[in-house]
Amino acid sequence: MNPAEHTADTLAQTIIADIIARPELMACASYSELHDHCDANCLGEQETLWEHHVGAGEMTNEEHTARMDRFSKIADPAQAIVHEWLTSPERLLTAQLERFALQLPAECVIDCSHAGPCDADVDHWADRIDLTHLREAEIHAELREYGAWESDELEDEEDNLRRIIWIAACNIKEELKS
């Protein structure tokens with residue numbers, strides 16, 4: 001992403017993507033605790049944003065202060081968003097599908113979106129995620145659009161719920177990467 005286009009939300013998303021990619025960071029319970037494992041201010045695209053807004057080179061104290069303010073107006077709220085996410089018990093992430101949004105715990109996204117077969121991981125999470133708010137017809141229509149399953153394969157509601165969890169987890173992971 002172009003640094004000039006970053007908002008606090010988009011910057012926070014890049015920081016969370018880096019946290020999810022490193023298991024030792026997933027164990028952190030706050031933004032400040034991240035500093036025990038890494039330079040938390042370098043996670044995500046914070047360095048790129050710093051270079052864009054503050055940069056290097058000669059400047060007056062007033063210019064430096066003004067540039068720091070521009071950087072801080074995005075980075076400080078982004079870090080607050082990440083802190084709030086880290087301190088929340090569920091650490092939910094949202095997949096926006098065509099017909100509905102689905103929130104999954106970050107651990108579920110990690111477990112259900114890796115390379116190779118994810119069936120056992122999806123089965124584990126299918127028993128822990130409440131999907132009762134989703135209508136069977138919505139799920140069926142959503143899956144049908146993927147074109148990966150025949151109509152008779154989409155008749156099993158439990159299999160469809162597992163497919164939706166897998167798709168949502170993969171979509172979240174891809175969205176975090178972009």
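Assign one of three labels to the chain, namely rounded, prolate or oblate, based on the Cα gyration tensor with a ≥ b ≥ c the square roots of its eigenvalues; rounded applies when a/c is under 1.5, prolate when it is not and a/b is larger than b/c, and oblate otherwise. Don't skip to the answer; put the middle values down first.
Working: a/c = 3.03, a/b = 2.26, b/c = 1.34.
Prolate, because a/c is 1.5 or more and a/b exceeds b/c.
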### Query
Gap in Å between the Cα centre of segment 52-69 and the Cα centre of segment 90-133?
43
### Task
Among 109, 86, 34, pick out the residue whose Cα is farthest towards the positive end of the charge dipole of segment 10-109, where Lys and Arg carry +1 and Asp and Glu carry -1 on C-beta, about the Cα centre.
109
### Query
What are the extents of the Cα atoms of segment 92-177 along their three principal axes, listed from largest to smallest and rounded to whole Å?
31, 24, 23
### Query
Do the sum for the chain: with -39,500 (n - 2.57) for every DSSP H run of n ≥ 4, divided by all residues, what is the mean residue ellipticity at 222 nm, to the nearest 500 deg cm²/dmol?
-18000 deg cm²/dmol
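For segment 33-178, calculate the relative contact order in percent as a whole number, restricting contacts to Cα pairs under 8 Å that are 6 or more residues apart. Numbers along the way, then the final one.
Numbers: 99 pairs, mean separation 30.3, N = 146.
Computed over segment 33-178, the figure is 21 percent.
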#### Entry: Furthest towards positive pole of dipole, 95, 17, 57, structure part the chain, Cβ charges
57
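Evaluate the charge dipole of the chain about its Cα centre and quote only its size in Debye, nearest 20, assuming +1 on the Cβ of each Lys and Arg and -1 on the Cβ of each Asp and Glu.
Details: 13 positive and 39 negative charges, 117 e Å.
Around 560 debye, computed over the chain.
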### Query
What number, in percent, do you get for the relative contact order of segment 92-177 if the mean sequence gap of Cα pairs under 8 Å and at least 6 apart is divided by its residue count?
40
### Task
Tell me the GluC sites (Glu not before Pro) within segment 1-66 that lie in a loop according to DSSP and have at most 11 other beta-carbon atoms within 10 Å.
58
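Computed from the coordinates by the stated procedures, all read-outs in this text should not be read as laboratory data. These figures come from a predicted structure and were not determined experimentally. Methodologically, a virtual Cβ is constructed for each residue, glycine included, from the backbone with ideal geometry; neighbour enumeration extends over all protein chains shown.
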